[in-house]
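Note sheet for the following structure.
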Ligand code: NAD
């Protein structure tokens, strides 16, 4: 298949490389990043998109996605599919899909879970919004870049799933970290705490698979001085998207709101920038109630 790939940063580069390895022809464009091996560099986003059956974007945010989409949509061949894999706000995803459909194109929002490791290994999970015909067309590419693709519904449903998932992730990471800090003060051994909670009703992905306490549970960024992993500022980005969505949909999300405020303080006023999001644990260790 002829594929245009726009945005070849930490995630996009290994995703595009996997498509090349599987035998697809990939033309790429990025304003800064170099092309991975086998991706043919185009001079512009429009040039990467011209003649492609599927155009994939993997960009930092909704404003950049909207600008890139305005450039590539007129350049795309009739019937081609614009597939955005970035994490962006639901409104931008829906606006871009509407513009693509008006131009006679298919459109999908297909954000991912699995991080840079999953992108390199081809084990991402795609959560996909858009029409069924476009999903079927791009599914073989999802199967190369990932291990699972869930068609969640119409345009914006993929971003909705991503934002809800990551709101749970932010809230449960904070809950797990504050519980470890409380356990410390109560004199409870961390390993014992893990042994109990990981097999009791407090278990969660943040406890069982990504334990924020160094030396406890499976290997995680906590065992590597809290180097990301999943950076606290990316967690903050996704929590802010959840709150933007909650406000536009009039949904009450008090825990999501509090998690957003905590990560905001951690990243912007404390030492969270550049740390993994599980570094909330050393943050709580240093703090007292009063
Ligand atoms: P990144 O900053 O490494 O990559 C983004 C790339 O887009 C950069 O190379 C940048 O030069 C390029 N770019 C910016 N503006 C452009 C434009 N106008 N035209 C062409 N290229 C442009 O970010 P990333 O970590 O690859 O993340 C990409 C997206 O995936 C984000 O939306 C992020 O939230 C999401 N995501 C990231 C992770 C992760 O662990 N890194 C996990 C899941 C989802």
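The values are calculated or read from the model by the stated rules, or taken from the named source; none is laboratory data. All values derive from a computational prediction rather than experimental measurement. Because the Cβ atoms are built from the backbone with ideal geometry, glycine has one as well, and the counts that use them run over all protein chains shown.
Pick from 234, 182, 188: which is within 27 Å of residue 254 (Cα to Cα) and more than 16 Å from the ligand (Cβ to nearest atom)?
Numbers: 234 fails: more than 16 Å from the ligand (Cβ to nearest atom); 188 fails: within 27 Å of residue 254 (Cα to Cα).
Exactly one residue qualifies, and that residue is 182.
All but one of (1) farther than 23 Å from residue 244 by Cα; (2) within 17 Å of the chain's Cα centre (by Cα) hold for residue 140, so report the exception by its number.
Unmet for residue 140, out of (1) farther than 23 Å from residue 244 by Cα; (2) within 17 Å of the chain's Cα centre (by Cα): (2).
Taking the condition surrounded by 12 or more Cβ atoms within 10 Å (Cβ to Cβ), touching a helix residue (DSSP H, G or I) at 6+ places or on another chain (Cβ under 6 Å) and under 25 Å from residue 114 (Cβ atoms), does residue 193 pass?
Answer is no for this residue.
Out of all the residues in the range 29-48, which are within 20 Å of residue 107 (Cβ to Cβ) and buried (at least 23 other Cβ atoms within 10 Å of the Cβ)?
29, 45, 48, listed by residue number.
If you scan the range 121-139, which residues turn out to be outside any strand (DSSP E or B) and either within 14 Å of the ligand (Cβ to nearest atom) or free of Cβ contacts under 8 Å to residues at least 40 places away in the same chain (or both)?
Start the filter on the range 121-139 by keeping residues that are outside any strand (DSSP E or B), which leaves 121-123, 131-139.
Selection gives 121, 123, 131, 132, 133, 135, 136, 139.
Tally the residues that are over 13 Å from residue 10 (Cα atoms), more than 8 Å from the ligand (Cβ to nearest atom) and not in a strand (DSSP E or B), restricting the search to the range 108-120.
Counting residues in the range 108-120 that are over 13 Å from residue 10 (Cα atoms), more than 8 Å from the ligand (Cβ to nearest atom) and not in a strand (DSSP E or B) gives 1.
Do you know which residues across the range 1-22 are away from the ligand (no atom under 15 Å from the Cβ) and farther than 22 Å from residue 79 by Cα?
20, 21, 22
With within 21 Å of residue 116 (Cβ to Cβ) and part of a loop (DSSP other than H, G, I, E, B) as the only criterion, which of 77, 33, 16 stands out?
On the way: 77 fails: within 21 Å of residue 116 (Cβ to Cβ); 16 fails: part of a loop (DSSP other than H, G, I, E, B).
The match here is 33.
Checking residue 228 against (1) surrounded by fewer than 21 Cβ atoms within 10 Å (Cβ to Cβ); (2) at pLDDT 95 or above; (3) in contact with a helix residue (DSSP H, G or I) (Cβ under 7 Å, 6 or more places away or on another chain), which single condition isn't satisfied?
Going through (1) surrounded by fewer than 21 Cβ atoms within 10 Å (Cβ to Cβ); (2) at pLDDT 95 or above; (3) in contact with a helix residue (DSSP H, G or I) (Cβ under 7 Å, 6 or more places away or on another chain) one by one, residue 228 breaks only (2).
List the residue pairs whose Cβ atoms are under 8 Å apart, where the first residue sits in the range 250-269 and is free of Cβ contacts under 8 Å to residues at least 60 places away in the same chain, the second is exposed (fewer than 14 other Cβ atoms within 10 Å of the Cβ) and outside any helix (DSSP H, G or I), and the two are 6 or more positions apart or on different chains.
So the pair list comes out as 267/273.
Could you please find all residues in the range 49-63 being crowded, with 18+ Cβ neighbours inside 10 Å, near the ligand (Cβ under 9 Å from one of its atoms) and either part of a loop (DSSP other than H, G, I, E, B) or at pLDDT below 95 (or both)?
Scanning the range 49-63 gives 58, 59.
Kindly list the number of the only condition in (1) within 25 Å of residue 166 (Cβ to Cβ); (2) more than 10 Å from the ligand (Cβ to nearest atom); (3) buried (at least 24 other Cβ atoms within 10 Å of the Cβ) that fails for residue 86.
Residue 86 satisfies all of (1) within 25 Å of residue 166 (Cβ to Cβ); (2) more than 10 Å from the ligand (Cβ to nearest atom); (3) buried (at least 24 other Cβ atoms within 10 Å of the Cβ) except (2).
Could you check residue 44 against (1) touching a strand residue (DSSP E or B) at 6+ places or on another chain (Cβ under 9 Å); (2) within 14 Å of the ligand (Cβ to nearest atom); (3) touching a residue at least 40 places away in the same chain (Cβ under 8 Å) and say which number it fails?
So residue 44 meets the others, but not (3).
Out of 251, 246, 160, 259, I need the residue that is closer than 30 Å to residue 65 by Cα, assigned to a loop (DSSP other than H, G, I, E, B) and more than 14 Å from the ligand (Cβ to nearest atom). Which one?
Values: 246 fails: assigned to a loop (DSSP other than H, G, I, E, B); 160 fails: assigned to a loop (DSSP other than H, G, I, E, B); 259 fails: assigned to a loop (DSSP other than H, G, I, E, B).
Matching residue, one of 251, 246, 160, 259: 251.
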